[in-house]
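Structure below; questions to follow.
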Amino acid sequence: MERRTAAFAHFFRRCALKKQGKWTGQLGYPQFKTKKKGLGSFRLTGSIVVSEKAIVLPRLGRLPLKEREYLPTKGVQILSAIVSEEAGHWYVSVQMEEEQAVPENIGPVVGIDLGVKSLATLSDGTVITNPRHLKRRLKKLKRLQRVVSRRKKGSKNRKKAVRRLAKLHRQIRHQRSNTLHQVTTRLAKTKSVLVIEDLHVSGMLKNHRLAQAIGDVGFYEFKRQLLYKASWYGARVVLADRWEPSSKRCSGCGWLDEDLILADRTFHCERCGLVLDRDLNAAINLEQLAGSFLGQSKRLWSRWLWHEAQASGETGGEEAGTKR
Ligand SMILES: [Zn+2]
């Protein structure tokens with residue numbers, strides 16, 4: 001009750017101030033926080049000390065850590081800490097300041113086509129497969145959702161079912177995030193220039209058939225991680241215009257296939273006869289954009305080797321292009 005009266009006291013005080021024209025901030029009727037959602041997170045500033053096994057936070061005191069060696073213990077100034085909760089698990093992350101030397105990056109230039117079928121296709125032929133955490137667990141998710149809806153509202157058993165569902169959601173979220181981090185770190189560390197298509201994700205999400213797959217991959221998050229990691233590891237990210245027809249253009253001669261639809265998995269050029277995996281073709285186009293961007297184009301030969309091998313039927317499947 002105390003909190004409620006405090007909230008109303010603030011509200012009425014602000015109302016009075018507003019009448020006098022002294023309150024310019026937001027003014028809203030006090031509202032209860034929802035009980036259904038998690039607690040979310042909060043930020044703490046002040047003296048924060050991290051030891052090997054525990055963290056000492058202002059107002060909360062010493063809290064033992066379950067996962068060790070994640071937080072920096074020596075020689076860094078910790079500015080603040082964020083404590084968060086997700087389906088019964090508690091996390092702490094710290095913000096710190098550190099001088100970072102950016103290493104010299106001598107990796108190759110690469111175009112990346114982010115896809116639905118596979119997570120990403122690189123212009124050097126590497127295909128990063130989509131782990132599809134969501135799809136694999138969708139059946140279980142649906143079952144748990146059904147269990148929740150069958151339980152009586154407000155009952156203990158419903159609460160238990162809700163907790164189980166939240167746990168599964170958490171697992172899926174963490175696995176997805178882990179995969180994405182691994183891929184983006186590897187790319188930023190090993191390539192010097194990365195060209196990606198700046199996709200109009202919200203527009204694509206309106207298409208429901210695609211929505212789930214795209215949500216699964218997390219295009220926006222991919223781009224965000226790549227951008228900040230590139231700055232850490234000395235790589236550059238080129239964002240190609242989203243209207244650049246990277247999948248419709250032949251990477252060999254520039255011919256445009258206006259009739260290409262999403263279901264066409266292979267690109268057939270009617271002018272020069274190039275036959276290539278659709279995503280690989282798009283990735284090579286993106287890489288060439290970097291070429292025009294940086295004033296260089298150095299991988300024509302390897303693409304033609306690939307093309308010839310493809311034509312004579314020596315290579316099959318997507319892994320073929322990894323040979324360089
Ligand atoms: Zn062509």
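The values are calculated or read from the model by the stated rules, or taken from the named source; none is laboratory data. This one's a predicted model, so the numbers in the text were calculated from it and none came from an experiment. A quick note on method: Cβ atoms are made from the backbone with ideal geometry, for glycine too, and the neighbour counts reach across all protein chains shown. Heads up: the accessible areas ignore ligands, DNA and RNA and are worked out on the full protein's heavy atoms, side chains in. Shrake-Rupley method; radii C 1.70, N 1.55, O 1.52, S 1.80 Å.
Looking at E308, E314, E221 in this structure, which one is at pLDDT below 85, surrounded by fewer than 16 Cβ atoms within 10 Å (Cβ to Cβ) and within 24 Å of the chain's Cα centre (by Cα)? Break it down into steps so the answer makes sense when it comes.
Numbers: E308 fails: within 24 Å of the chain's Cα centre (by Cα); E314 fails: within 24 Å of the chain's Cα centre (by Cα).
Answer to the check: E221.
Determine the pairs where a residue that is open to solvent by 100 Å² or more (accessible area, probe 1.4 Å), located within the range 246-272, has a partner that is more than 9 Å from the ligand (Cβ to nearest atom) with Cβ atoms under 6 Å apart, the partner being 6 or more residues away or on another chain.
Here the result reads H268/V275, each pair linking the range 246-272 to a residue that is more than 9 Å from the ligand (Cβ to nearest atom).
Hey, can you tell me all the residues within the range 250-295 that are of a type in the set (V, I, T) and either at pLDDT 90 or above or within 16 Å of the ligand (Cβ to nearest atom) (or both)? Give the steps one after another, and end with the answer.
Taking the range 250-295 and keeping what is of a type in the set (V, I, T), we get 261, 266, 275, 284.
Answer for the range 250-295, where residues must be of a type in the set (V, I, T) and either at pLDDT 90 or above or within 16 Å of the ligand (Cβ to nearest atom) (or both): T266, V275, I284.
Another question, if that's okay. Quick one: which strands (runs of 3 or more DSSP E) lie wholly within the range 96-204 and hold at least 2 residues that are touching a Gly at 6+ places or on another chain (Cβ under 9 Å) and within 30 Å of A263 (Cβ to Cβ)? It would help to see each step written out before you state the result.
Numbers: elements: 109-114, 120-122, 193-197.
Answer list for the range 96-204: 120-122, 193-197.
Among (1) open to solvent by less than 40 Å² (accessible area, probe 1.4 Å); (2) more than 22 Å from the chain's Cα centre (by Cα), there is one condition R59 misses while meeting the rest; what is its number?
(1)
Rundown of residues vs (1) within 16 Å of the ligand (Cβ to nearest atom); (2) modelled with pLDDT of 75 or more; (3) touching a helix residue (DSSP H, G or I) at 6+ places or on another chain (Cβ under 7 Å); (4) of a type in the set (K, R), yes/no style:
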{"residue": "S202", "(1), (2), (3), (4)": "no, no, no, no"}
{"residue": "A213", "(1), (2), (3), (4)": "no, no, no, no"}
{"residue": "A230", "(1), (2), (3), (4)": "no, yes, yes, no"}
{"residue": "K248", "(1), (2), (3), (4)": "yes, yes, no, yes"}
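Can you give me the number of residues within the range 147-170 that are open to solvent by less than 70 Å² (accessible area, probe 1.4 Å) and either of a type in the set (V, I, T) or without any contact (Cβ under 8 Å) to a residue 60 or more places away in the chain (or both)?
8
Further, regarding this structure: Pull up the range 83-132, narrow it to residues that are within 20 Å of the chain's Cα centre (by Cα) and of a type in the set (G, A, S), then point me to the one that is farthest from I196 (Cα to Cα).
S84
Residues being in contact (Cβ under 8 Å) with a residue 40 or more places away in the chain and among the β-branched types (V, I, T): count how many of those fall in the range 35-90.
Selection size over the range 35-90: 4.
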